[in-house]
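Worksheet: one structure, shown below.
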Amino acid sequence: MKPSSPETTEDGFLLEVGQWDETVAHQLAERIPLTLTEAHWEIISFIRKYHARFRHLPNNRMFVKAVEKALGPDKGNSRYLNGLFAGSPVKYTCMVAGLPKPPGCI
Amino acid sequence: MIDSELFDQMLTLAAFDQAITVLFVDDGVYRLNRETGEPVSTMETAGLLELLAFYDIESVWVEEESLVQRDMNLDDARLSVRTMLREDVAGLLARHDVILGD
Amino acid sequence: MGVLHLVNSTEGLGRCRDRLGPDDAVILLEAGVYTAMAPSGKPEGMDVDLFVLQEHLSQRGIARTRVRPAFTLIDFEGFVGLTVRHTRSVTWA
């Protein structure tokens with residue numbers, strides 16, 4: 001049986017941040033659509049920790065830098081992140097991670 | 001929530017490897033207050049200064065007079081915020097190519 | 001050339017006063033133009049060029065005769081000239 005879908009904003013961002021869990025993440029990802037792999041989870045888990053720690057959401061440039069600082073240059077580069085997250089890494093990482101829409105995202 | 005456009009401009013420039021100096025003056029020094037009363041957990045929330053440090057912004061200054069006028073002091077020695085006198089602010093501004101502020 | 005200080009609030013002039021360098025200049029804009037009138041906010045100790053934007057004075061119905069002599073009235077063109085001469089600027093809101 002398909003679990004009930006999480007409620008989102010028009011743009012697809014989770015309405016209730018507290019509702020988030022791995023199942024919800026998969027459901028949010030399906031709508032993009034993205035199939036989550038270990039590589040995605042590494043980035044999703046990073047942005048959740050970043051947001052919890054700094055209560056801040058980065059823009060694209062900051063995000064690349066932040067991932068580079070946390071996970072090294074192999075992950076912290078736009079080619080890698082764009083490839084994983086369909087060309088909109090900050091937007092889709094935040095979306096799947098159940099965080100609000102970051103500033104500057106369309 | 002650290003949401004000010006000014007800080008995002010600074011962090012973006014820092015992410016482009018530009019050398020950034022931050023100076024807190026007047027009511028801006030209130031941003032240095034660490035929020036209190038939050039439960040201490042393994043994932044304690046960090047303040048604005050930790051965010052600046054995360055993006056390698058290491059030159060962080062606060063104007064002494066602005067602190068004194070607001071009965072604040074920098075007893076929080078965890079972070080390398082340095083103080084400067086108001087009379088030295090003009091000199092600091094003069095040493096930079098671009099000035100952002102609000 | 002020094003820094004151009006853009007003062008666009010009534011508190012702005014006081015805020016930039018003690019933070020001016022010798023080659024700096026100050027221009028009053030928007031609500032900042034009110035501080036060009038006597039007697040409030042005497043610009044003593046401000047040994048830099050002081051300007052006030054004519055258009056913003058008129059918009060607020062302030063006659064040029066009420067502007068203290070320390071301030072030079074300039075128009076938008078003059079303002080542009082100032083921003084060209086001073087490559088750096090800081091805003092005091």
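The values are calculated or read from the model by the stated rules, or taken from the named source; none is laboratory data. Everything quoted here is computed from the prediction, not taken from an experiment. Because the Cβ atoms are built from the backbone with ideal geometry, glycine has one as well, and the counts that use them run over all protein chains shown.
All of (1) assigned to a helix (DSSP H, G or I); (2) β-branched (V, I, T); (3) surrounded by fewer than 18 Cβ atoms within 10 Å (Cβ to Cβ) hold for C:V33 with one exception: (3). Pairs linking a residue in the stretch A:12-39 that is among the hydroxyl-bearing types (S, T, Y) to a residue that is surrounded by 11 or more Cβ atoms within 10 Å (Cβ to Cβ) and not in a helix (DSSP H, G or I), with Cβ atoms under 9 Å and 6 or more positions apart or on different chains, are A:T23/A:P6. For C:E30, state whether it is out of contact with any strand residue (DSSP E or B) (no Cβ under 7 Å at 6 or more places or on another chain) and within 14 Å of another protein chain (Cβ to nearest Cβ). Yes, satisfied.
Annotation note: Cβ proximity below 9 Å between a residue of the stretch B:82-96 that is within 10 Å of chain C (Cβ to nearest Cβ) and a residue that is exposed (fewer than 12 other Cβ atoms within 10 Å of the Cβ) (sequence gap 6+ or interchain) occurs for B:A90/C:P22. For the stretch A:89-98, does any single residue satisfy the condition of being under 22 Å from A:H26 (Cβ atoms), in contact with a Lys or Arg (Cβ under 6 Å, 6 or more places away or on another chain) and away from chain B (no Cβ under 13 Å)? Checking the stretch A:89-98: at least one residue is under 22 Å from A:H26 (Cβ atoms), in contact with a Lys or Arg (Cβ under 6 Å, 6 or more places away or on another chain) and away from chain B (no Cβ under 13 Å). For A:I43, the criteria (1) at the interface with another protein chain (Cβ under 9 Å from one of its Cβ atoms); (2) under 11 Å from the mean Cα position of the chain (by Cα); (3) of a type in the set (V, I, T) hold in every case but one, which is (1). The test for being loosely packed, with under 12 Cβ neighbours inside 10 Å and at pLDDT below 95 does not hold for B:D56.
When we screen A:K49, A:K101, A:K91 for residues that are part of a helix (DSSP H, G or I) and surrounded by 16 or more Cβ atoms within 10 Å (Cβ to Cβ), the only hit is A:K91. Scanning the stretch B:53-68 for residues that are assigned to a helix (DSSP H, G or I), aliphatic (A, V, I, L, M) and either at the interface with chain A (Cβ under 10 Å from one of its Cβ atoms) or over 22 Å from A:A70 (Cα atoms) (or both) returns B:L67, B:V68. Checked against the criteria, A:L57 does not count as farther than 20 Å from B:E50 by Cβ, touching a residue at least 40 places away in the same chain (Cβ under 8 Å) and either among the charged types (D, E, K, R) or assigned to a loop (DSSP other than H, G, I, E, B) (or both). Of all residues in the stretch C:1-21, those that are part of a loop (DSSP other than H, G, I, E, B) and facing chain B (nearest Cβ under 9 Å) total 7. One residue stands out among those in the stretch C:70-91 that are at the interface with chain B (Cβ under 8 Å from one of its Cβ atoms) and not polar (S, T, N, Q): the one that is nearest to C:H56 (Cα to Cα), which is C:V90.
Pick from A:A66, A:A70: which is small (G, A, S), assigned to a helix (DSSP H, G or I), buried (at least 18 other Cβ atoms within 10 Å of the Cβ) and within 14 Å of chain B (Cβ to nearest Cβ)?
A:A66
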